[in-house]
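> I am attaching a structure below and will ask some questions about it afterwards.
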Amino acid sequence: MRSGDRALELIEALYAGVEGYRLSHSERKRLGNEDRSLVYGEINPPAFVELLERTGVTPGDVFWDAGSGTGKPVLVAAALFPFSRCRGVEVLAPLAAKASSLLLRYRREVLPGLPEEKQRQEIRFDTGRFEDADLSSADVLFSHCTTFDAAGLERLARKAAGLKPGSRIITVGQLLDHAELEHTFEAAVLMEWGESTCHVYRVRRGQ
């Protein structure tokens with residue numbers, strides 16, 4: 001078995017029984033929050049790996065997930081790619097807490113089976129709004145923004161456009177509109193809930 005296949009197998013086992021959809025729904029109901037941008041969505045790990053491979057990752061790059069849920073994209077990125085840091089920010093506290101607890105298990109159950117250089121990766125989950133997070137270190141920014149409204153997409157686009165030139169941004173199911181963002185490609189990508197069009201952008205380099 002290839003090391004990447006083994007890593008994916010370990011991640012899938014880690015997330016067995018994790019009900020991100022239920023956690024999200026319960027917390028939104030508790031808060032009386034009907035904001036559709038908080039509706040949960042989840043990646044399909046093998047398809048996500050293919051998308052990241054096509055997007056391009058350079059050793060030492062930094063990965064950020066804006067709206068990281070239970071943390072699966074962050075841990076897949078960490079396990080399968082040569083990122084130096086993988087970070088996630090999530091506004092719903094129970095989801096962020098679940099991601100942090102899964103990170104502890106990842107370090108116990110997954111990390112020992114990965115190459116030695118993975119031991120030096122920084123992985124972290126924060127609770128909060130992506131708009132308030134310092135994403136400036138991101139070389140690759142991911143957002144499962146399928147249900148964002150126009151205002152949410154505008155905030156995401158502004159945040160993405162403020163990243164350093166050459167940074168890549170991946171969105172699920174939605175387009176971003178900003179002069180500093182160059183749309184490089186789109187692809188139909190399988191998610192846990194079905195297929196969606198993902199869009200990849202690059203922050204333009206100054207003249």
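The values are calculated or read from the model by the stated rules, or taken from the named source; none is laboratory data. As the structure is a prediction and not an experimental result, all values here were calculated from the model. Counting neighbours? That spans all protein chains shown, and the Cβs are built from the backbone with ideal geometry, glycine included.
> Against the definition (touching a Phe, Trp or Tyr at 6+ places or on another chain (Cβ under 7 Å) and of a type in the set (G, A, S)), how does A151 come out, yes or no?
Considered against the rule, which asks whether it is touching a Phe, Trp or Tyr at 6+ places or on another chain (Cβ under 7 Å) and of a type in the set (G, A, S), A151 comes out as no.
> If you take the residues in the stretch 92-102 that are among the aliphatic types (A, V, I, L, M) and surrounded by fewer than 20 Cβ atoms within 10 Å (Cβ to Cβ), which one is farthest from A13 (Cα to Cα)?
Among those that are among the aliphatic types (A, V, I, L, M) and surrounded by fewer than 20 Cβ atoms within 10 Å (Cβ to Cβ), it is A93.
> For the stretch 149-177, give me each residue that is over 19 Å from D134 (Cβ atoms), of a type outside the set (A, V, I, L, M, F, W, C) and more than 18 Å from the chain's Cα centre (by Cα).
Within the stretch 149-177, D149, E154, D177 qualify.
> Follow-up. Which residue is surrounded by the most Cβ atoms within 10 Å (Cβ to Cβ), if the candidates are limited to the stretch 130-146 and must be under 11 Å from the mean Cα position of the chain (by Cα) and outside any loop (DSSP other than H, G, I, E, B)?
F142
Results for (1) assigned to a loop (DSSP other than H, G, I, E, B); (2) in contact with a helix residue (DSSP H, G or I) (Cβ under 9 Å, 6 or more places away or on another chain); (3) over 23 Å from G4 (Cβ atoms), shown as yes or no for each residue.
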{"residue": "F148", "(1), (2), (3)": "yes, yes, yes"}
{"residue": "G152", "(1), (2), (3)": "no, yes, yes"}
{"residue": "K159", "(1), (2), (3)": "no, yes, yes"}
{"residue": "G166", "(1), (2), (3)": "yes, no, yes"}
{"residue": "Q174", "(1), (2), (3)": "yes, yes, yes"}
{"residue": "T184", "(1), (2), (3)": "no, yes, yes"}
{"residue": "V189", "(1), (2), (3)": "no, yes, no"}
{"residue": "Y201", "(1), (2), (3)": "no, yes, yes"}
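> If you don't mind, another one. Looking only at the stretch 163-181, which residues are at pLDDT 95 or above, surrounded by 13 or more Cβ atoms within 10 Å (Cβ to Cβ) and not β-branched (V, I, T)?
Matches in the stretch 163-181: L163, S167, R168, L175, L176, H178, E180, L181.
> Taking the conditions exactly as written (part of a loop (DSSP other than H, G, I, E, B), at positive phi and surrounded by fewer than 24 Cβ atoms within 10 Å (Cβ to Cβ)), does G60 satisfy them or not?
Yes: the conditions hold for G60.
> Could you look through the stretch 113-129, keep only residues that are acidic (D, E) and not in a helix (DSSP H, G or I), and pick out the one that is surrounded by the fewest Cβ atoms within 10 Å (Cβ to Cβ)?
Among those that are acidic (D, E) and not in a helix (DSSP H, G or I), it is E122.
> While we're on this one: Give E53, E34, E9 a once-over and let me know the one that is modelled with pLDDT of 95 or more and not in a strand (DSSP E or B).
Only one candidate qualifies: E53.
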